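Enquirer: Once you've had a glance at the structure underneath, I'll fire off some questions.
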Amino acid sequence: MEIKIFFTIMGLLLSMGCLQEKFSGITPQPNPAPDFILNNQFGEKVSLSDFKGKIIVMSFLYTSCPTVCPLITGKFVDAAKKLEKSKNDNVIFLGISVDPERDTIEAVNKYIETKDLRDMQFLIGTRDELEIVWEYYNIYVNKSGDDESNDYEIDHTAIVYVIDKNGDLRILYPGLKWYPKFLVSDINTLLKEENFLFKLIYDIPNPEK
């Protein structure tokens, strides 16, 4: 009986647009974000699914990047500061390397310290491991410069993915034309959405009691 009441209420709310929140970023059809396993800056094996239960804000970066990456991580830092402490505990920022040769544990730890990225995990791996993840998320990666001397830059897709607590890909921010306040607003909307659904499910009265 409870399930029947729940779906009746959900149908009414959806038809009235009550659950169709507006986001600042691009909103694809929600689908499970592809899982993967890489190493974090502490040398620990972690998978994307390890962070299920948190909102994941994820981008593809490299520590030697002179242009786009510092701008993206700067937005991450700003967004983390704008989030209330209680909400920040429900969010994890992830950086995925696009430079397996130079992004060592030492390099990513220095990058995190220099950029004040205390709320971010920077994930690295071998080229084979990372290429799988790049393919999952449609990330273009191309070296330009002197490969032999390690004096090169990397052209790569600039995009931020937001994954909800259930592990579904919900929001995209392509390029750099977005502001941290937009990201914070969308995170708050996802948290509000999930809190509302949780309350709706568990506060339905049981007519049999």
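Enquirer: How about the stretch 98-182: which trypsin sites (Lys or Arg not before Pro) there lie in a loop by DSSP and see at most 10 other Cβ atoms within 10 Å?
Expert: Here the sparse-neighbourhood loop sites are Arg118, Lys177.
Enquirer: Under 13 Å Cα to Cα from Lys87, which aspartates and glutamates show up? Leave out anything in the same chain fewer than 8 places away.
Expert: Asp119, Asp186, Glu194
Enquirer: Moving to a separate point now. Give me the one-decimal Kirkwood hydrodynamic radius in Å for the stretch 68-159, with the sum taken over alpha-carbon pairs.
Expert: 14.5 Å
Enquirer: Sticking with this one: Could you state the number of Å between the C-alpha centres of the stretch 21-36 and the stretch 112-149?
Expert: Taking the Cα centre of each part, the stretch 112-149 and the stretch 21-36 sit 22 Å apart.
Enquirer: Where Rh denotes the Kirkwood radius from the mean inverse Cα pair distance, what is Rg over Rh for the stretch 37-122?
Expert: Taking Rh as the inverse mean 1/r over Cα pairs, Rg/Rh reads 0.94.
Enquirer: Could you list, in their original order, any pairs among Lys143/Lys177; Lys81/Lys192; Lys81/Lys143 whose Cα atoms are separated by more than 30 Å?
Expert: Flagged as over cut-off: Lys81/Lys143.
Enquirer: Only loop residues by DSSP count here, and only those with at most 11 other Cβ atoms within 10 Å; note down the GluC sites (Glu not before Pro) in the stretch 71-158 that meet that.
Expert: Glu84, Glu148
Enquirer: Report for the stretch 22-192 the percent antiparallel among DSSP-assigned beta bridges with both residues inside it, nearest 5. Walk me through the numbers on the way to the answer.
Expert: Numbers: 22 of 33 bridges.
That works out to approximately 65 percent antiparallel.
Enquirer: Then there is this: Taking loop as defined by DSSP and a crowding limit of 16 other beta carbons within 10 Å, which trypsin sites (Lys or Arg not before Pro) in the stretch 41-73 fit? Don't skip to the answer; put the middle values down first.
Expert: On the way: sites: Lys45, Lys52, Lys54; in loops: Lys52, Lys54.
Filter output for the stretch 41-73: Lys52, Lys54.
Enquirer: Here is a follow-up. Using Cα-only point scatterers and the Debye equation, what is log10 of I(q)/I(0) for the stretch 22-192 at each q in 0.11, 0.14, 0.16 Å⁻¹, rounded to two decimals?
Expert: Debye intensities relative to I(0), on a log10 scale: -0.42, -0.69, -0.92.
Any read-out appearing in this document is the output of simple, stated calculations on the displayed coordinates, not a laboratory observation. Just so it is clear, the structure is predicted and the values come from calculations on it, not from any experiment. FYI the Cβ positions are ideal-geometry reconstructions off the backbone, even for glycines, and counts take in every protein chain you see.
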